Amino acid sequence: MINFIIWIIAGGVIGWLASLIMKTNSRQGTIADIVVGIVGAFLGGYFLSPLFNVSTINESNYSIPALLVSLGGAIILLAISKLFRNVGGFVVIVVIVILIYSNCWTMESTSAFCTSVRALPFLQ
């Protein structure tokens, strides 16, 4: 039970710091800060943990490196949400996805990235 409370508090602090860094603090409250911190920790665990070989707060690790990886994930989450707030950001994402799809779909491309793109379930 105490681990759950510490997880919520750490998620709230991380979400609050990320919203200060990304200048979205005036638009979100405490609950949104907690959600951004926890979902950001998940994104950090997925994208940043393999790079830095550090777990996140979602794995009950509350060390400084784990908090920084979770903060990085929260910043990535807020950057993506800021990008999707306008139509231009959505168009940029669509163009990037189309370029990746068209470049990786040829069978002679054998890079690990293209192999993982071709393995996505919604592209089958």
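Read the figures in this text as sums done on the coordinates, not as results from a lab. Only a predicted model underlies this, so the values are computations on that prediction, with no experimental measurement involved. A quick note on method: Cβ atoms are made from the backbone with ideal geometry, for glycine too, and the neighbour counts reach across all protein chains shown.
Multiplying the residue separation of Tyr62 and Ala32 by 0.36 nm and subtracting their alpha-carbon distance yields 8.7 nm. Taking other C-beta atoms within 10 Å as the exposure proxy, Leu78, Leu71, Leu20 rank Leu20, Leu78, Leu71 from fewest upward.
Derived scalar couplings between HN and Hα for segment 61-71 equal 10, 10, 7, 4, x, 5, 5, 5, 5, 5, 5 Hz in order, rounded to whole Hz, by the Karplus curve 6.51 cos²θ - 1.76 cosθ + 1.60 (θ = phi - 60°), x for Gly and Pro. What the phi angles of segment 36-51 give under the Karplus curve with 6.51, -1.76 and 1.60, with θ = phi - 60°, is a coupling list of 4, x, 6, 5, x, 5, 5, 5, x, x, 7, 9, 9, 4, x, 6 Hz, glycine and proline written as x.
Once you order the gyration tensor axes a ≥ b ≥ c over the Cα atoms, which shape class does segment 1-85 get: rounded for a/c under 1.5, otherwise prolate or oblate by comparing a/b with b/c? Judged from the Cα gyration tensor, segment 1-85 comes out oblate (a/c at least 1.5, b/c at or above a/b).
Using the number of other C-beta atoms within 10 angstrom as an exposure proxy, rank Ser63, Ser49 with the fewest first.
The order, fewest Cβ neighbours first, is Ser63, Ser49.
For segment 11-17, backbone phi angles converted through the Karplus equation (6.51, -1.76, 1.60; θ = phi - 60°) give residue-by-residue couplings of x, x, 5, 5, x, 5, 5 Hz, Gly and Pro being listed as x. Percent of Cα pairs in segment 1-48 per distance bin of 5 Å, from zero to the largest separation: 6, 25, 27, 25, 12, 5, 1.
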